[in-house]
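Report on the structure given below.
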Amino acid sequence: MTGSDLAVQGLLAAAGFGQTEEWRDEWDRGYQRDEWLDLVPTTGDASQWPAATLDEVLAGLGAVIDAAGGGFSVHFSVIVATAARTG
């Protein structure tokens, strides 16, 4: 069962919601080394790491990205489940 299936089930089980809808979108985005390394400290738990730990992780990630040619592509997929309140 997917996360959107669980969301739809929750909406259907809750009183006061109408017909559910799902919206889906997918895309690819390329990242270059420096762009990705600028993003890492702003996501997840990385903003809470000690500076020395973050520096070590960024150095390792930079080396991996460099070895892969200096960039890579990420595939994104999103599913939104929605329903209007019926009153």
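The values are calculated or read from the model by the stated rules, or taken from the named source; none is laboratory data. All values derive from a computational prediction rather than experimental measurement. A quick note on method: Cβ atoms are made from the backbone with ideal geometry, for glycine too, and the neighbour counts reach across all protein chains shown. Ligands, DNA and RNA are stripped out before the accessible areas are found, and what is left, the full protein with its side chains, is counted by its heavy atoms. Shrake-Rupley method; radii C 1.70, N 1.55, O 1.52, S 1.80 Å.
Values as computed for the structure displayed
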item	result
Residues being touching a strand residue (DSSP E or B) at 6+ places or on another chain (Cβ under 7 Å) and assigned to a helix (DSSP H, G or I) - total across the range 4-39	6
Residue tally, condition more than 22 Å from the chain's Cα centre (by Cα), closer than 30 Å to G10 by Cβ and either hydroxyl-bearing (S, T, Y) or part of a helix (DSSP H, G or I) (or both), over the range 40-87	1
The range 45-65 residues that are touching a residue at least 40 places away in the same chain (Cβ under 8 Å) and under 18 Å from Q32 (Cβ atoms), paired with ones that are open to solvent by less than 60 Å² (accessible area, probe 1.4 Å) and in a helix (DSSP H, G or I) (beta carbon under 6 Å, 6 or more apart)	none
Lone qualifier among G10, G18 - being within 23 Å of the chain's Cα centre (by Cα), of a type in the set (G, A, S) and open to solvent by less than 50 Å² (accessible area, probe 1.4 Å)	G10
Unique match (being modelled with pLDDT under 95 and surrounded by 10 or more Cβ atoms within 10 Å (Cβ to Cβ)) among V64, V57, V78, V74	V78
Q32 being surrounded by fewer than 10 Cβ atoms within 10 Å (Cβ to Cβ) and farther than 29 Å from T2 by Cα	no
